[in-house]
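The values are calculated or read from the model by the stated rules, or taken from the named source; none is laboratory data. Just so you know, these numbers come straight off a predicted model, no measurement behind them. Cβ sites come from the backbone with ideal geometry, for glycine too, and all protein chains shown count toward neighbours. These area figures cover heavy atoms from the full protein model, side chains too; ligands, DNA and RNA do not enter into them. Shrake-Rupley method; radii C 1.70, N 1.55, O 1.52, S 1.80 Å.
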Amino acid sequence: MYPNIKEGLSRILGKEVDVIENKGSNWAILEDASKIRDVAKWIKSVPGRCMTIAPLMRGEEKELVYSFDFYEGPIFNLKVKLKEDGIDSINDILKSAFFTEMELSETWEVPFKNLPEMRWGRWIVDDDIEKGILYAGLSETMSPETETKMWEKIRKNIKES
(Lines give C-alpha, C1' and ligand atoms only; values in the text may rest on other atoms or scores of the structure.)
Protein backbone atom coordinates (compact mmCIF):
# COMPACT_ATOMS: atom_id res chain seq x y z
CA MET A 1 0.00 0.00 0.00
CA TYR A 2 1.36 3.38 -0.99
CA PRO A 3 1.65 5.71 2.04
CA ASN A 4 -0.11 9.02 2.57
CA ILE A 5 2.91 11.32 2.20
CA LYS A 6 1.16 14.43 3.54
CA GLU A 7 0.03 12.57 6.65
CA GLY A 8 3.47 10.97 7.24
CA LEU A 9 5.44 14.21 6.85
CA SER A 10 2.96 16.20 8.93
CA ARG A 11 3.29 13.67 11.76
CA ILE A 12 7.12 13.82 11.63
CA LEU A 13 7.24 17.62 11.56
CA GLY A 14 4.41 18.23 14.02
CA LYS A 15 2.60 20.56 11.61
CA GLU A 16 0.68 20.34 8.36
CA VAL A 17 2.93 20.04 5.31
CA ASP A 18 2.02 20.97 1.75
CA VAL A 19 2.54 18.11 -0.69
CA ILE A 20 2.12 18.91 -4.36
CA GLU A 21 1.29 16.15 -6.83
CA ASN A 22 2.52 16.71 -10.37
CA LYS A 23 2.34 14.11 -13.13
CA GLY A 24 2.56 11.14 -10.79
CA SER A 25 5.30 12.60 -8.57
CA ASN A 26 4.84 14.14 -5.15
CA TRP A 27 6.86 17.17 -4.06
CA ALA A 28 7.39 18.71 -0.63
CA ILE A 29 9.82 21.11 1.03
CA LEU A 30 11.58 20.19 4.27
CA GLU A 31 12.32 23.53 5.91
CA ASP A 32 14.07 21.97 8.92
CA ALA A 33 17.05 20.03 7.50
CA SER A 34 17.67 18.48 10.94
CA LYS A 35 14.54 16.34 10.34
CA ILE A 36 16.00 14.52 7.30
CA ARG A 37 16.95 11.49 9.41
CA ASP A 38 13.40 11.28 10.81
CA VAL A 39 12.06 11.36 7.25
CA ALA A 40 14.54 8.64 6.23
CA LYS A 41 13.38 6.43 9.14
CA TRP A 42 9.77 6.87 8.02
CA ILE A 43 10.68 6.06 4.40
CA LYS A 44 12.45 2.89 5.57
CA SER A 45 9.47 1.82 7.70
CA VAL A 46 6.99 2.05 4.81
CA PRO A 47 9.23 0.44 3.22
CA GLY A 48 10.93 2.66 0.67
CA ARG A 49 14.35 3.67 -0.57
CA CYS A 50 16.38 6.69 -1.64
CA MET A 51 16.68 6.61 -5.43
CA THR A 52 18.97 9.62 -5.79
CA ILE A 53 19.86 13.04 -4.40
CA ALA A 54 20.26 15.96 -6.78
CA PRO A 55 22.16 19.14 -5.88
CA LEU A 56 20.70 22.55 -6.71
CA MET A 57 23.56 25.02 -6.32
CA ARG A 58 22.79 28.56 -7.49
CA GLY A 59 25.25 31.06 -6.05
CA GLU A 60 24.76 31.19 -2.30
CA GLU A 61 21.52 29.19 -2.48
CA LYS A 62 22.25 25.51 -1.95
CA GLU A 63 19.57 22.84 -1.85
CA LEU A 64 19.29 19.09 -2.24
CA VAL A 65 16.37 17.21 -3.77
CA TYR A 66 15.98 13.71 -2.36
CA SER A 67 14.00 11.33 -4.58
CA PHE A 68 12.40 8.42 -2.76
CA ASP A 69 10.18 5.60 -3.92
CA PHE A 70 8.10 3.03 -2.10
CA TYR A 71 8.61 0.18 -4.60
CA GLU A 72 5.15 0.85 -5.99
CA GLY A 73 3.32 4.06 -6.67
CA PRO A 74 4.64 7.51 -7.56
CA ILE A 75 8.00 9.01 -6.66
CA PHE A 76 8.33 11.34 -3.67
CA ASN A 77 10.73 14.31 -4.05
CA LEU A 78 11.79 16.29 -1.01
CA LYS A 79 13.63 19.61 -1.36
CA VAL A 80 15.89 20.50 1.57
CA LYS A 81 17.82 23.74 2.07
CA LEU A 82 21.47 22.95 2.79
CA LYS A 83 22.88 24.65 5.87
CA GLU A 84 26.47 25.94 5.93
CA ASP A 85 27.51 23.37 8.54
CA GLY A 86 26.16 20.55 6.37
CA ILE A 87 23.38 18.02 6.51
CA ASP A 88 23.11 14.68 8.28
CA SER A 89 23.88 11.62 6.20
CA ILE A 90 21.02 9.14 5.89
CA ASN A 91 23.05 6.23 4.47
CA ASP A 92 23.09 4.35 7.78
CA ILE A 93 19.26 4.34 7.65
CA LEU A 94 18.72 3.96 3.90
CA LYS A 95 21.70 2.08 2.45
CA SER A 96 20.55 3.14 -1.02
CA ALA A 97 21.71 6.72 -0.25
CA PHE A 98 25.37 5.75 0.29
CA PHE A 99 26.81 6.10 -3.22
CA THR A 100 24.87 9.27 -4.00
CA GLU A 101 26.06 10.90 -0.77
CA MET A 102 29.65 9.85 -1.51
CA GLU A 103 29.44 11.26 -5.03
CA LEU A 104 27.94 14.57 -3.88
CA SER A 105 30.53 14.87 -1.12
CA GLU A 106 33.42 14.51 -3.57
CA THR A 107 32.16 16.24 -6.68
CA TRP A 108 30.00 19.06 -5.26
CA GLU A 109 31.54 19.34 -1.76
CA VAL A 110 28.19 18.72 -0.07
CA PRO A 111 29.11 18.50 3.63
CA PHE A 112 27.32 15.36 4.83
CA LYS A 113 27.74 14.83 8.57
CA ASN A 114 28.65 11.29 9.68
CA LEU A 115 29.42 10.10 6.16
CA PRO A 116 31.94 7.28 6.56
CA GLU A 117 35.44 7.81 5.20
CA MET A 118 36.48 5.41 2.47
CA ARG A 119 39.44 3.42 3.78
CA TRP A 120 41.24 3.73 0.43
CA GLY A 121 40.62 7.46 0.00
CA ARG A 122 38.11 9.01 -2.32
CA TRP A 123 35.63 6.99 -4.31
CA ILE A 124 35.23 9.06 -7.51
CA VAL A 125 37.70 11.94 -7.54
CA ASP A 126 41.43 11.13 -7.38
CA ASP A 127 43.04 12.25 -4.11
CA ASP A 128 45.40 14.53 -6.08
CA ILE A 129 42.50 16.60 -7.44
CA GLU A 130 40.96 19.39 -5.40
CA LYS A 131 37.69 18.29 -3.77
CA GLY A 132 34.57 19.70 -5.38
CA ILE A 133 36.26 20.30 -8.72
CA LEU A 134 33.55 18.59 -10.76
CA TYR A 135 30.98 21.21 -9.80
CA ALA A 136 29.50 22.58 -13.01
CA GLY A 137 26.44 24.58 -13.93
CA LEU A 138 23.67 22.99 -15.99
CA SER A 139 24.57 24.94 -19.13
CA GLU A 140 28.16 23.74 -18.84
CA THR A 141 27.19 20.09 -18.41
CA MET A 142 24.71 20.25 -21.31
CA SER A 143 27.37 21.55 -23.70
CA PRO A 144 28.91 19.17 -26.25
CA GLU A 145 32.28 20.44 -25.02
CA THR A 146 31.63 19.24 -21.46
CA GLU A 147 34.24 16.50 -21.39
CA THR A 148 37.00 18.81 -22.68
CA LYS A 149 36.06 21.64 -20.29
CA MET A 150 35.81 19.27 -17.32
CA TRP A 151 39.24 17.76 -17.96
CA GLU A 152 40.77 21.23 -18.41
CA LYS A 153 39.28 22.22 -15.06
CA ILE A 154 40.62 19.06 -13.40
CA ARG A 155 44.13 19.41 -14.84
CA LYS A 156 44.28 23.06 -13.79
CA ASN A 157 43.37 22.18 -10.19
CA ILE A 158 45.55 19.13 -9.56
CA LYS A 159 47.42 19.63 -6.30
CA GLU A 160 51.15 20.18 -6.71
CA SER A 161 53.11 17.38 -4.98
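Structure values in brief
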| read-out | value |
| --- | --- |
| Count - residues of segment 12-60 that are surrounded by fewer than 16 Cβ atoms within 10 Å (Cβ to Cβ) and without any contact (Cβ under 8 Å) to a residue 24 or more places away in the chain | 14 |
| Top-ranked residue in segment 1-11 [being assigned to a helix (DSSP H, G or I) and over 19 Å from Leu64 (Cα atoms); ranked as least open to solvent (accessible area, probe 1.4 Å)] | Gly8 |
| Residue in segment 69-90 that is in contact (Cβ under 8 Å) with a residue 40 or more places away in the chain, β-branched (Val, Ile, Thr), touching a helix residue (DSSP H, G or I) at 6+ places or on another chain (Cβ under 9 Å) and farther than 21 Å from Trp27 by Cα present | no |
| Residue list for segment 24-58, filter: part of a helix (DSSP H, G or I) and either among the acidic types (Asp, Glu) or within 20 Å of Lys113 (Cα to Cα) (or both) | Ala33, Ser34, Lys35, Ile36, Arg37, Asp38, Val39, Ala40, Lys41, Trp42, Ile43, Lys44 |
